[in-house]
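**Student:** Got a structure here, written out as structure tokens. Questions coming.
The values are calculated or read from the model by the stated rules, or taken from the named source; none is laboratory data. On a predicted model such as this, the values are computed, not experimentally measured, just so you know. Cβ: placed from backbone, ideal geometry, glycine included. Neighbour counts: every protein chain shown. Ligands, DNA and RNA are excluded from the accessible area calculation, which covers all protein heavy atoms including side chains. Shrake-Rupley method; radii C 1.70, N 1.55, O 1.52, S 1.80 Å.
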Amino acid sequence: MRERHAYRAARRAREFEAFVAGAAGRLLHAATLLTAEAPDDNPRARRLLTLSLAHTFARWDGLRGEDPYDRTRQYLATRFARGAWHHHGGLVRSRPHPASPLAVLTPQERLIIVLRLYEGVAEEQAAALLGLSPERVRAICHRATTTLLRRPRDAAPAVQAVKAVPS
């Protein structure tokens with residue numbers, strides 16, 4: 001009996017290690033986008049990923065055909081949303097790192113942008129995950145995309161005409 005349990009535990013560990021080897025990079029990038037930290041200095045994102053992977057490992061045997069990547073991504077998103085809610089009194093602006101490409105967005109906007117555009121989660125799935133209507137997810141995604149694509153007013157230097165100097 002002990003041998004069977006040892007064999008199952010070893011197989012479970014190998015399967016989980018293979019999953020982490022294949023998915024951890026993409027999940028860390030998603031967590032870094034969510035936390036709006038610099039890619040080379042992202043302790044909150046690493047902690048968020050570690051908690052998500054630990055949660056997936058604890059439920060590894062109960063997945064029964066369910067995609068572990070989807071489960072981990074779902075926990076990553078809900079853990080981020082819950083953390084943003086508790087730390088910032090709602091999904092409002094936090095203090096992101098200025099080097100982050102999503103630094104100008106609120107945590108809710110970052111969450112929806114990462115789920116919809118980076119991870120490719122369907123609008124209805126994102127809405128169900130976050131407890132919002134699909135129309136609300138669509139509106140937030142549109143607003144966030146507009147914010148990201150809008151050119152900062154002071155970033156474009158004025159073009160000055162150069163006069164030719166007669167020689």
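**Student:** For region 111-141, which positions are among the hydroxyl-bearing types (Ser, Thr, Tyr) and in a loop (DSSP other than H, G, I, E, B)?
**Tutor:** Across region 111-141, the qualifying residue is only Ser133.
**Student:** Given the conditions (1) at pLDDT 90 or above; (2) surrounded by 14 or more Cβ atoms within 10 Å (Cβ to Cβ); (3) more than 16 Å from the chain's Cα centre (by Cα), report the number of the one that His88 does not fulfil.
**Tutor:** (1)
For every residue, the table says whether it meets (1) open to solvent by less than 50 Å² (accessible area, probe 1.4 Å); (2) closer than 22 Å to Arg82 by Cβ; (3) of a type in the set (Lys, Arg).
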{"site": "Pro107", "(1), (2), (3)": "yes, yes, no"}
{"site": "Ile113", "(1), (2), (3)": "yes, yes, no"}
{"site": "Glu123", "(1), (2), (3)": "yes, yes, no"}
{"site": "Leu130", "(1), (2), (3)": "yes, yes, no"}
{"site": "Arg136", "(1), (2), (3)": "no, yes, yes"}
{"site": "Cys141", "(1), (2), (3)": "yes, yes, no"}
{"site": "Ala144", "(1), (2), (3)": "yes, yes, no"}
{"site": "Leu148", "(1), (2), (3)": "no, no, no"}
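**Student:** Quick one: is Ala10 assigned to a helix (DSSP H, G or I) and surrounded by 13 or more Cβ atoms within 10 Å (Cβ to Cβ)?
**Tutor:** No.
**Student:** Could you list, in sequence order, the residues of region 15-25 that are in contact (Cβ under 8 Å) with a residue 40 or more places away in the chain and closer than 22 Å to Arg116 by Cβ?
**Tutor:** Scanning region 15-25 gives a single hit, Ala23.
**Student:** Looking at region 51-81, which of its residues are charged (D, E, K, R), within 18 Å of His29 (Cβ to Cβ) and touching a residue at least 40 places away in the same chain (Cβ under 8 Å)?
**Tutor:** Scanning region 51-81 gives a single hit, Arg73.
**Student:** Sort out which residues of region 62-82 are in a helix (DSSP H, G or I) and open to solvent by 60 Å² or more (accessible area, probe 1.4 Å), and write them in order of number.
**Tutor:** Asp70, Gln74, Arg79, Arg82
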